[in-house]
Amino acid sequence: MNLAKRVTVLAPSPTLVITAKANELKRQGVDVVGLGAGEPDFNTPEHIIQAAEKAMREGKTKYTATAGIPELLKAISDKFQNEYNLTYTNKQIIVTNGGKHALFNLFMALLSPGDEVIVPIPYWVSYPEMVKVAEGVPVFIEGKEDNKFKITAEQVKAAITPRTRALVINSPSNPTGSIYSRQELEAIVEVCLSHNVLMVSDEIYEKLIYDGHEHVSVATFSKEAYENTVIINGMSKPYSMTGWRMGYACGNQELIQAMVDLSSHSTSNPTSFSQYGALAALTGPQEPLEAMKTEFVKRRDRVVELLNEIDGISCLKPEGAFYVFPNVSKAMEKQGYDTVDKWAEDLLEQEKVAVIPGSGFGAANNMRISYAASMEQLEKGIARIKKFVEGK
Ligand SMILES: *Cc1c(COP(=O)(O)O)cnc(C)c1O
């Protein structure tokens, strides 16, 4: 079949090989420990489910406005006003089928062929592929592990060309869990503003920050920063709503309108009753989120402790999200592996633990473990990793 160039440039998802193999093993009845999942292992809170159910029963099962129901747009607007003192009118907000869809529409609305987007490594797997589909060019800069995988303002500056349109910022980060400090962001914002580079701030893990650290959004730094930022967020991670497909973007009205126009000819509105669920998530009790955070902290601490006990693995303690991104290069060397892909494949084959090789995030020496799994599964999985690496 002669396929469009825009899809033939897509790299296949690197997680697929491992996930497909893990699923096949599970089907065969093998006891696989899956630590690859990129979603919370908690149920969607009950009051959210009830709100969606009620909406369905009340007949809210028809098309809505493409950008979302006014009540939800207002709830999102209120959130930014109350939490960050940022003002977004309804026309500056679009509700989308997940944060992923918001990012996709954003790059489609922003980029002309050849426009560049600076993407920090390690990156969330979809950023470069979305940029490519939109006929843009991802330009990579590497967040070094000794800087907690974070990029610096100097690196951004060095990567800027006349074609640069945007920089992706993802704090807390998937896959590293790192968060940027106010000072670090201030320097980055300054560089972006002086070169007219739009900041795409993916804040989907905003609520999953630990140890008393605060979330800092670049949009809050100044009027200019606000005008040059698009915030991406969604319900998937804070409210365990990955399957509901609820995300949103806030920013420049013209840009948001272009994103709405794209939606109007592709997906139309995001699912009507999911929007009522999202409304309940934002305006209802936040206790389930707090309970989930408490559990995540316990798991993170244990996982980091256990991983660092393995000879050949070193693991930073991240401040957010629900991932750790340990360095396994010494283990690989000791075991005679050239690539982390093969290492992860053999880990699955021999010890039945599924982790995501760092190559998919642009990092050849690391792997991602998600601690959105029970403590029992985490301990069992890491004991098996220890056996795989140390041979005992
Ligand atoms: C999960 C995730 C998203 C969006 O997920 P949706 O389910 O589409 O809302 C966006 N960015 C990052 C970094 C993520 O990990």
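The condition (being surrounded by 21 or more Cβ atoms within 10 Å (Cβ to Cβ), among the charged types (D, E, K, R), closer than 27 Å to residue 126 by Cα and touching a strand residue (DSSP E or B) at 6+ places or on another chain (Cβ under 6 Å)) is satisfied by just one residue among 368, 300: 368. Only one entry in 11, 67, 22, 37 is within 16 Å of the ligand (Cβ to nearest atom), in contact (Cβ under 8 Å) with a residue 12 or more places away in the chain and either under 28 Å from residue 124 (Cα atoms) or assigned to a helix (DSSP H, G or I) (or both), namely 37.
Inclusion of residue 383 among residues that are assigned to a helix (DSSP H, G or I) and closer than 22 Å to residue 145 by Cα is not warranted.
Taking the residues in segment 1-52 that are small (Gly, Ala, Ser) and touching a Ser or Thr at 6+ places or on another chain (Cβ under 7 Å) as candidates, determine which candidate is farthest from residue 358 (Cα to Cα). Only one residue fits best here, namely 52. The single residue among 135, 129, 116 that is under 20 Å from the mean Cα position of the chain (by Cα), acidic (Asp, Glu) and either under 22 Å from residue 259 (Cα atoms) or surrounded by fewer than 17 Cβ atoms within 10 Å (Cβ to Cβ) (or both) turns out to be 129.
Specify which of the listed residues (74, 54, 60) is in the same structural domain as residue 250 (by TED's automatic domain parsing), away from the ligand (no atom under 16 Å from the Cβ), touching a Phe, Trp or Tyr at 6+ places or on another chain (Cβ under 7 Å) and among the charged types (D, E, K, R). Just a single option satisfies the conditions, and that option is 60. Within segment 52-64, the residues that satisfy the criterion of being in a loop (DSSP other than H, G, I, E, B) and more than 21 Å from residue 259 (Cα to Cα) are 58, 59, 60, 61, 62. Taken over segment 222-246, residues that are more than 13 Å from the ligand (Cβ to nearest atom) and of a type in the set (S, T, N, Q) amount to 3.
The one condition from (1) modelled with pLDDT of 95 or more; (2) away from the ligand (no atom under 14 Å from the Cβ) that residue 214 does not meet is (1). Cβ-Cβ contacts under 9 Å between residues 6 or more apart (or on different chains), taken from a first residue in segment 333-353 that is in the same structural domain as residue 364 (by TED's automatic domain parsing) to a second residue that is assigned to a helix (DSSP H, G or I) and hydroxyl-bearing (Ser, Thr, Tyr), are listed as 339/359; 340/329; 340/359; 341/359; 344/359. Entry remark, segment 40-53: residues being closer than 12 Å to residue 275 by Cα and surrounded by fewer than 16 Cβ atoms within 10 Å (Cβ to Cβ) number 2 in total.
Tallying residues that are assigned to a loop (DSSP other than H, G, I, E, B), more than 16 Å from the ligand (Cβ to nearest atom) and crowded, with 21+ Cβ neighbours inside 10 Å within segment 316-336 yields 2.
The values are calculated or read from the model by the stated rules, or taken from the named source; none is laboratory data. Values in this document were obtained by computation on a predicted structure and should not be read as measured data. Every residue, glycine as well, gets a Cβ built from its backbone with ideal geometry; the counts of neighbours run over all protein chains shown.
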